[in-house]
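One structure is given below, encoded as structure tokens.
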């Protein structure tokens with residue numbers, strides 16, 4: 001029998017109402033009026049117009065306000081695919097290690113003889129030992145400079161691979177450290193690119209890793225790929241300051257010669273710093289995750305000789321004081337100086353995880369790209385082309401909806417109207433779910449919505465044809481409708497499950513346009529099953545309770 005408890009009716013209508021609420025902002029202030037001549041190309045590409053900004057302000061704060069993110073093909077902008085030359089980092093690490101290793105070996109000159117660096121692979125140190133018979137001692141000294149690999153997969157392994165060949169001591173990075181270094185280099189590049197792009201004020205850029213050494217960068221609302229390349233090439237401002245005070249008042253006066261900056265990690269916390277930095281990021285040569293003497297995650301950093309002198313003198317005179325590390329006018333860390341740090345090499349330790357130490361190391365090195373990035377693919381999509389795509393996609397969806405509604409109403413009459421209501425609600429629910437989860441709508445995504453509109457009534461067609469068969473068999477109206485729904489259920493579920501599996505495969509294994517299509521198709525399958533089975537059934541039950549028909553022509 002067609003019995004739907006009150007709580008189920010309330011749940012179905014409640015879900016529809018929630019979907020309407022989450023979809024409404026897209027219509028209320030998410031649309032750019034193209035007839036307004038004052039709207040610039042940048043605004044059409046994704047920035048808010050004055051009208052949109054005013055509409056957003058008038059939108060009640062207690063209502064959902066998320067919009068569906070528009071992809072690059074709909075908003076216009078720049079697309080870059082960059083390849084990071086991670087091998088350059090190996091060379092830099094070896095060059096930075098050589099002075100320290102040379103000093104350590106020189107202390108044992110009486111035993112191992114004179115040492116000098118000889119030509120060899122750029123990613124390794126090749127050092128000639130004056131007394132080859134004492135090579136074992138030289139290897140032992142070199143191993144004192146090795147540290148555990150600071151990564152979840154390589155923890156416990158040494159970061160240096162030390163071997164001997166004749167009179168030569170050969171030092172390079174171990175395989176575990178190379179893997180960790182590659183990952184840190186890409187993460188650092190991602191962080192730098194993200195910080196550079198965010199400064200422009202663009203909304204929802206796509207910056208993600210692709211493969212082992214490539215980065216995909218898509219920024220809606222930017223003029224050209226060349227402009228984006230110049231933006232990425234700029235350097236961050238990294239400085240180290242004396243901490244004068246700490247508080248929670250963003251309007252506090254720092255005093256003459258001081259500055260007030262917010263904490264990146266502690267929301268609502270502000271530091272008063274000496275405006276003149278002790279050292280700057282230009283003097284930082286390396287920063288990488290490590291472990292302290294207690295085996296806890298930490299971050300090691302190293303300055304060049306000039307920075308090392310100033311850093312050593314300052315830490316010697318300020319033991320017990322806080323020392324702020326500032327990146328782009330935000331305090332990313334303010335460690336306590338536990339002891340003088342001569343030699344320009346120090347360690348930041350405290351309550352942090354391995355992931356947090358990796359992140360802090362990335363931020364410390366975020367002043368410039370760690371390695372050269374070659375752009376393999378460049379594309380610029382104009383805002384007018386993006387708006388044309390939106391208009392074409394909207395038109396296609398409207399035409400598809402009108403044709404589907406016309407066909408289903410002509411075929412099934414009043415029950416076709418119920419199915420049409422379900423189709424319209426289905427599209428609204430797709431947009432609302434995409435708004436809630438922050439999904440990005442692309443041109444292939446619009447194709448997925450159009451396909452969903454065309455196939456959303458499939459379940460209703462199966463149900464209605466079953467009802468027709470039951471009516472022909474002489475059953476009463478209520479019994480025919482009830483049996484039609486029950487008998488069609490298994491076929492509907494099977495058909496949608498197989499499509500859902502295919503959509504998931506496209507989402508997880510596909511990329512670019514394929515993934516954009518899979519997103520809306522996957523959401524559309526879920527919403528179409530809900531509207532076809534539950535919403536349509538509720539509408540029919542409400543009609544039966546109201547009209548109580550004795551016969552039904554379907």
Inset, instruction - Can you tell me the relative contact order of segment 239-338? Whole percent, Cα pairs under 8 Å, sequence separation 6 or more. - result: 30
Inset, instruction - Would you work out the relative contact order for segment 399-470, in percent, from Cα pairs under 8 angstrom that are 6 or more residues apart? - result: 37
Legend entry - Residues 229, 338, 548, sorted so that the one with the fewest Cβ neighbours within 10 Å comes first: 548, 338, 229
Inset, instruction - Treating the angle as unsigned and between 0 and 90°, give the value, to the nearest 10°, between the Cα long axis of helix 305-317 and the longest Cα principal axis of the chain. - result: 90
Legend entry - Projected label distance in nm at residue 246 and residue 353, using a 7 Å step from Cα toward the beta-carbon: 2.3
Inset, instruction - Calculate, for residue 409 and residue 187, the FRET efficiency according to 1/(1 + (r/R0)^6) with r their C-beta to C-beta distance and R0 35 Å; round to the nearest 0.05. - result: 0.05
Legend entry - Additional length obtainable on full extension of the chain from residue 551 to residue 436, 0.36 nm per residue less Cα span: 37.1 nm
Legend entry - Residues 58, 263, sorted so that the one with the fewest Cβ neighbours within 10 Å comes first: 58, 263
Inset, instruction - Please express the Cα-Cα pair-distance distribution P(r) of segment 239-338 as a list of whole percents, one per 5 Å bin, running from 0 to the bin with the greatest distance. - result: 2, 12, 21, 24, 21, 12, 6, 2, 0
Legend entry - Taking the C-alpha atoms of segment 387-427, convex hull volume expressed per residue in Å³: 42
Inset, instruction - Could you line up 373, 436 from fewest to most neighbouring Cβ atoms inside 10 Å? - result: 436, 373
Inset, instruction - Grab the Cα-Cα distance for residue 526 and residue 338, subtract it from 0.36 nm times how many residues apart they are, and report the gain in nm with one decimal. - result: 61.9 nm
Inset, instruction - Using a Förster distance of 60 angstrom, determine the FRET efficiency expected from the C-beta separation of residue 309 and residue 505, and round it to 0.05. - result: 0.50
Inset, instruction - Tell me the label-point distance for the pair residue 145, residue 229, using the 7 Å Cα-to-Cβ offset, in nm and rounded to one decimal. - result: 3.8
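Using a Förster distance of 45 angstrom, determine the FRET efficiency expected from the C-beta separation of residue 110 and residue 210, and round it to 0.05.
0.25
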Legend entry - Translational D in µm²/s for segment 87-174 (Stokes-Einstein at 20 °C, 1.002 mPa s, Kirkwood Rh from C-alpha pairs): 162
Legend entry - Relative contact order computed over the chain (Cα-Cα under 8 Å; 6+ residues apart), in percent: 17
Inset, instruction - Could you please tell me the mean projected area of the C-alpha convex hull for the chain, averaged over all directions and given in square nanometres to one decimal? - result: 34.2
Legend entry - Inter-probe distance in nm under a simple model that places probes 7 Å from Cα toward Cβ, at residue 253 and residue 21: 4.7
Inset, instruction - Divide by every residue of the chain the summed helix terms, -39500 (n - 2.57) for each DSSP H run of at least 4, and state the resulting mean residue ellipticity at 222 nm, rounded to the nearest 500 deg cm²/dmol. - result: -16000 deg cm²/dmol
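Write down Rg/Rh for segment 369-514, rounded to two decimals, with Rg from the C-alpha atoms and Rh from the Kirkwood relation over Cα pairs.
With Rh from the inverse mean 1/r over Cα pairs, Rg/Rh is 1.13.
We did not get these values from a lab; they are worked out from the coordinates using the rules stated. Just so you know, these numbers come straight off a predicted model, no measurement behind them. Methodologically, a virtual Cβ is constructed for each residue, glycine included, from the backbone with ideal geometry; neighbour enumeration extends over all protein chains shown.
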